[in-house]
Amino acid sequence: MSAHEKITYVELPASDLEKVKTFFTQVFAWKFTDYGTEYTAFTYSGIDGGFYKSPLSSLTNQGSALVVLFSENIQHTLDKVEQRGGKIIKPIFTFPGGRRFHFADPCGNEWAVWSV
């Protein structure tokens, strides 16, 4: 498939780049490359992206898009999120197609994790 006019990268705010890097490395095994003190890029996430230094956060109740991750073991992933400092916003619930939960990373960005 051609990458022409396809989503290939996503960028999110983060008030503390070190905290967000540590969290996503420990929970999801993402890899990071710093580009100065105001930006860090991530890989091994399914789609590449980055975090830019900002006091803002991305929340769906404020109109932000929701990035959704997949897990083969949703309870195990939820446990890792909580153990590493993530905050559960919506506990595991069913929806057409599976189950999911929403969490905030240590910088307040909302994410979701789904499973069949």
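Side notes on the structure shown:
- Restricting attention to the range 107-116 and to residues that are assigned to a strand (DSSP E or B) and over 12 Å from the mean Cα position of the chain (by Cα), the residue that is surrounded by the fewest Cβ atoms within 10 Å (Cβ to Cβ) turns out to be Trp114.
- Meets criteria (in contact (Cβ under 8 Å) with a residue 40 or more places away in the chain, part of a loop (DSSP other than H, G, I, E, B) and under 16 Å from Asn109 (Cβ atoms)) for Ser64: yes
- Conditions (1) on the phi > 0 side of the Ramachandran plot; (2) part of a helix (DSSP H, G or I); number of the one not met by Thr25: (1)
- In this entry, Ala14 passes the filter for residues that are under 14 Å from Asn109 (Cβ atoms), under 15 Å from the mean Cα position of the chain (by Cα), at pLDDT 95 or above and surrounded by 14 or more Cβ atoms within 10 Å (Cβ to Cβ).
- Meets criteria (exposed (fewer than 15 other Cβ atoms within 10 Å of the Cβ), touching a helix residue (DSSP H, G or I) at 6+ places or on another chain (Cβ under 8 Å), among the β-branched types (Val, Ile, Thr) and outside any loop (DSSP other than H, G, I, E, B)) for Ile92: no
- Criterion applied to Ala41, Ala104 was being surrounded by 15 or more Cβ atoms within 10 Å (Cβ to Cβ) and farther than 26 Å from Lys6 by Cα, and the one residue passing it is Ala104.
- Only listed residue being among the aromatic types (Phe, Trp, Tyr) and more than 14 Å from the chain's Cα centre (by Cα), chosen from Tyr52, Tyr35, Tyr9: Tyr35
- Test: residue in the range 53-72 that is acidic (Asp, Glu) and either surrounded by 13 or more Cβ atoms within 10 Å (Cβ to Cβ) or at positive phi (or both): no
- Filter pass, Gly108 being on the phi > 0 side of the Ramachandran plot, touching a Pro at 6+ places or on another chain (Cβ under 9 Å) and touching a residue at least 60 places away in the same chain (Cβ under 8 Å): yes
- Checked against (1) in contact with a His (Cβ under 9 Å, 6 or more places away or on another chain); (2) farther than 29 Å from Ala3 by Cα, Phe23 passes all but a single condition, namely (1).
- Test: residue in the range 74-84 that is in a loop (DSSP other than H, G, I, E, B) and either loosely packed, with under 15 Cβ neighbours inside 10 Å or within 11 Å of the chain's Cα centre (by Cα) (or both): no
The values are calculated or read from the model by the stated rules, or taken from the named source; none is laboratory data. In this text the structure is predicted, and so the values were computed from the model without any measurement. Please note: Cβ atoms are built from the backbone with ideal geometry, for glycine as well, and neighbour counts cover all protein chains shown.
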